[in-house]
Structure formats: structure tokens, C-alpha cells
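Here's the structure, in C-alpha cells; my notes come after.
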Amino acid sequence: MATRQSELQRVLGLLAGELPDPDWVALVDDDGLIVSCVPPDPPISADQISAMAAASQIMAERILGELEGGPMRYASVAGSKRQHLTVVVKKDHLLSIGLGPDVAAQATFAPLGRWIPELLRVLKARFTR
């Protein structure tokens, strides 16, 4: 029998399989906790992933507010060794995606468009033991 966690792992794994070599794909809730992550042991700590997703969201919302840019959809921060993409799944859930430095954020849009609806379905579903 499927559990919420097994279904989240399945969907995040399928999403990760379509992304260009992600370091991690993590679902983070509005309390700053990782709900699910692929791989289960990412190259940086879960605390770092969730903290940077929250920081990225705060920064993006502040900038968008100043620019009258509307609600945040995603934010990308790129460095010479890695980049972090934060994507709003719904009001209380974000996706944190670690990518290589040369991956265009736009390369993630088609897979995100395919798998976010399934992720939302799993988040809404009722699971029993």
C-alpha cells in the first residue's frame, strides 16, 4: 500500500529523472521542514536546503514587492559551483532544486510543468494505513 511519503518520493524521483543532473529535489513546507527529498542523503544538509529555500523565498518576495512584480513563481541563485532554484508549488510548499552552475533555469520548466500537478495531487490525497 502506498504512503504519502512513498508517493512523494516517487514523484520527486520522476521529476529529478527529467532534470539536467540535479544534486537534489526537495519539497519544503512553510515551517521550513523538508517533507521529502531525492536523494534521501543530498550532498548538503537538509537544514541548509530548507534554510536556503526560505531565504530565497524571502529575498524574491521582497524584490518582487519593491518592483510590483506580483506573486513569486520561482527564484534562482547561481554561483560558480552550484545553483539553487526555489519553485512555489503552492502557498505552503516550495521545491528546492540544486543544479550545476551551467544549467539554465528554463531547462527545468517543462519537467516542472509535467510533475507539479502530480505532486499537488499527492499532497491533497488521503492516505490510510
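The values are calculated or read from the model by the stated rules, or taken from the named source; none is laboratory data. None of these values were measured; they are calculated from a predicted model. Neighbour counts run over all protein chains shown; Cβ positions are idealised from the backbone, glycine included.
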Open item on the list: Taking the conditions exactly as written (surrounded by 14 or more Cβ atoms within 10 Å (Cβ to Cβ) and touching an Asp or Glu at 6+ places or on another chain (Cβ under 8 Å)), does His84 satisfy them or not?
Closed with: no
Open item on the list: Looking at Pro71 and the list (1) assigned to a helix (DSSP H, G or I); (2) modelled with pLDDT under 95, which single condition is not satisfied?
Closed with: (1)
TODO: For segment 103-129, name all the residues that are surrounded by 11 or more Cβ atoms within 10 Å (Cβ to Cβ) and either in a loop (DSSP other than H, G, I, E, B) or of a type in the set (Phe, Trp, Tyr) (or both).
DONE: Val103, Ala104, Phe109, Trp115, Phe127
Open item on the list: Go through (1) in a helix (DSSP H, G or I); (2) closer than 16 Å to Arg4 by Cβ; (3) hydroxyl-bearing (Ser, Thr, Tyr) for Ser36 and report which single condition fails.
Closed with: (1)
Open item on the list: For the condition modelled with pLDDT under 95 and either small (Gly, Ala, Ser) or within 14 Å of the chain's Cα centre (by Cα) (or both), what is the one hit in Ala16, Ala78?
Closed with: Ala78
Open item on the list: Just to check your reading of the model, which residue among Met1, Met52, Met59 is surrounded by fewer than 16 Cβ atoms within 10 Å (Cβ to Cβ) and not in a loop (DSSP other than H, G, I, E, B)?
Closed with: Met59
TODO: Output the qualifying pairs, or none if there are none: Cβ atoms under 8 angstrom, residues six or more apart or on different chains, first residue in segment 106-129 and farther than 16 Å from Lys91 by Cα, second residue modelled with pLDDT under 95 and of a type in the set (Gly, Ala, Ser).
DONE: Phe127/Ala2
TODO: Select from segment 74-102 the residues that are of a type outside the set (Asp, Glu) and in a loop (DSSP other than H, G, I, E, B) and list them in ascending order.
DONE: Gly79, Ser80, Lys81, Arg82, Lys91, Gly100, Pro101
